[in-house]
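The values are calculated or read from the model by the stated rules, or taken from the named source; none is laboratory data. Keep in mind it's a predicted model, so treat the numbers as computed, not measured. Here the Cβ positions follow ideal geometry from the backbone for every residue, glycine too, while neighbour counts run over all protein chains shown. Side chains are part of the model used for accessible areas, which takes the heavy atoms of the whole protein and leaves out ligands, DNA and RNA. Shrake-Rupley method; radii C 1.70, N 1.55, O 1.52, S 1.80 Å.
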Amino acid sequence: MRLIVPLQGVVQGRGGLFVGSLIPCCLFYFLQLYLKRRRSPPPPPPDSDSTELPRTSSRSSLFTRGNSIGRVRVSSRAAPLAKPPDSPYYIGLERVKTDPYDRVSNRDGIIQLGLAESTLCFDLLQRWMSDNLMESLMIQSDVDGGFDVSSIAMYQPFEGLLEVRVAFADFMSRIMGGNVSFDPSNMVITAGGTPAVEVLAFCLADHGNAFLIPSPYYPGFDRDIKFRTGIELIPVHCRSSDNFTVTVSALEQSLNQARKRGSKVSGILFSNPSNPVGNILSRETLHAILSFAQEKNIHVISDEIFAGSVYGDKEFVSLAEVAASGDFDKSRVHIIYGLSKDLSLPGFRTGVIYSFHEDVVSAAKKLMRFCSMPVPVQRILISLLSDTRFIEEYMAAHKQRIRDKHFLFVEGLKQLGIPCAESGGGLYCWVDMSSLLTSYSQKGELELFEKLLSVAKINATPGTACYCIEPGWFRCCFTALADEDIPVIMERIKLLAESSTS
């Protein structure tokens, strides 16, 4: 009847109820009977032994007819990232996760030498956190003196609280020798060093542009910079004869070659102390790099995240200090810093962009809505970095313990006849294992990398991952090792060496 009711209002009228209701019902009944007779007869029932099609077969055929519709795709930007890593650096890190070494529960596991993190001063951090963590979060209200939850729960400036930027400025000046001051207004706080690198690259270069970068260099820069910005990295190859220190002549050659290929070079990126070598750039070298950049009208990015992890006799000099001391256009100078290395706090995701360029700072502030540091972490860091007595105690212990661990590790390698490059900073050493290669080539180096992983159960980053042109060099991070782990590593390397020569 629900189908007939709409017709009633159309055909009712003069004929009253009989014409308006009964006749349409009859017409509708005879129409249905006519259509039913015109339909083709139903197919005969299937035999009892025939296979019945799934009830969903007709439905699925609607989506596969003609094979015109396949699996839904992701963007062309995401597709390469979804693939398994091809860099030995990330391959090694993933392999360790499947069988991590533990001196108590898994002594045959893979020992991690591929990750630059430190546990050397966890006892000092543990003590400070136990005594001060809650107090640093419990900001008092101006109204009743009680805990003000809005101080950590409400939106705050994406670029970081003014108090945390002031604390960072003072801390950075202190660990960089006190010879340079940092202006909090030129600073943007990020959720880690990785977004600091990426945001700065985004602000300094267009998609398809390039940065010159002395090699060997930290393999993570490929992901940090290339993934989303579309900026290329052009290695400036350095050699062991110069202890892998970049020269102006090498920069000039790489820049000219890049321009011949049609690449637009927007800047120079380097780490100081160097990662993975660990050497420290001299004041003269920094001055030469900055002069070169000014002549070519390009930017300079100095990654100084290991500035407080210097353990040698060589002085660390910040690029900010060099820029302030000469007749330079400081707007091309940019510094990257963080606390994952010097304060052993990678889990806090703490990074800093420091730039003398007003537009870079302004743009970076807006981009921080994608990677701002949580306010509770900022509150903790304000208290931590402002605790001058603790910072002095911590940094003195941090440097001494790195120095002691470096000595133990390098001496162990020396006893095996394996030398290291001269270094004075960082949480690693640059080890020459070329004597263990079956062939002096990239292939030979990758074969040794696989033997170290599979046979010796050691993950060390091969130079190939760092774009080193001399085969056989490996980065070995030692600051997460206990003293008793080092003889285990040396014994494993010794056995691998003996098996290769037998």
Exercise for review: Considering each of K264, K296 in turn, give the residue that is open to solvent by 10 Å² or more (accessible area, probe 1.4 Å), at pLDDT 95 or above and touching a helix residue (DSSP H, G or I) at 6+ places or on another chain (Cβ under 7 Å).
Suggested key: K296
Review point. For the subset of the range 322-342 comprising residues that are in a helix (DSSP H, G or I) and open to solvent by less than 30 Å² (accessible area, probe 1.4 Å), which member is farthest from F390 (Cα to Cα)?
Key: R332
Exercise for review: Take V352 and decide whether it is among the β-branched types (V, I, T), assigned to a strand (DSSP E or B) and open to solvent by less than 10 Å² (accessible area, probe 1.4 Å).
Suggested key: yes
Exercise for review: Quick one: G463 ticks every box in (1) in contact with an Asp or Glu (Cβ under 8 Å, 6 or more places away or on another chain); (2) small (G, A, S); (3) closer than 17 Å to G417 by Cβ except a single one, so which number is it?
Suggested key: (3)
Check your understanding: Within the range 461-502, restricting attention to residues that are in contact (Cβ under 8 Å) with a residue 12 or more places away in the chain and acidic (D, E), which residue is farthest from D108 (Cα to Cα)?
Key -> E470
**Study point:** Which numbered condition P157 misses (of (1) more than 29 Å from V317 (Cβ to Cβ); (2) at pLDDT 90 or above; (3) open to solvent by 30 Å² or more (accessible area, probe 1.4 Å))
**Key:** (2)
Review point. Can you tell me which of L367, L345 is under 26 Å from P273 (Cα atoms) and either open to solvent by 40 Å² or more (accessible area, probe 1.4 Å) or assigned by the TED database to the domain that holds V164 (or both)?
Key: L345
Exercise for review: Assess whether V455 counts as being open to solvent by 30 Å² or more (accessible area, probe 1.4 Å) and touching a Leu at 6+ places or on another chain (Cβ under 9 Å).
Suggested key: yes
Exercise for review: Report the residue count in the range 96-121 for those that are surrounded by 12 or more Cβ atoms within 10 Å (Cβ to Cβ) and part of a helix (DSSP H, G or I).
Suggested key: 1
Review point. Do we find that E117 is more than 30 Å from A456 (Cα to Cα) and touching a residue at least 12 places away in the same chain (Cβ under 8 Å) in this structure?
Key: no
Review point. Any idea which of (1) assigned to a strand (DSSP E or B); (2) more than 29 Å from L281 (Cα to Cα) is the one M368 doesn't satisfy?
Key: (1)
Practice item. Select from the range 225-259 the residues that are under 14 Å from I469 (Cα atoms) and polar (S, T, N, Q) and write down the one among them that is farthest from the chain's Cα centre (by Cα). Key: S241
Practice item. Quick one: which helices (runs of 4 or more DSSP H) lie wholly within the range 371-476 and hold at least 2 residues that are over 27 Å from E163 (Cα atoms)? Key: 388-415, 442-454
Review point. Is there a residue being modelled with pLDDT under 95 and among the polar types (S, T, N, Q) anywhere in the range 196-219?
Key: no
Review point. Mind checking which residues of the range 199-244 are on the phi < 0 side of the Ramachandran plot, in contact with a Cys (Cβ under 9 Å, 6 or more places away or on another chain) and open to solvent by less than 30 Å² (accessible area, probe 1.4 Å)?
Key: V199, P214, S215, P216, Y217, P219, C238
Check your understanding: Is it fair to say I289 is within 25 Å of S309 (Cβ to Cβ), touching a Lys or Arg at 6+ places or on another chain (Cβ under 8 Å) and touching a residue at least 40 places away in the same chain (Cβ under 8 Å)?
Key -> no
Exercise for review: Could you pull out the residue among S435, S383 that is within 24 Å of F168 (Cβ to Cβ) and either at pLDDT below 95 or polar (S, T, N, Q) (or both)?
Suggested key: S383
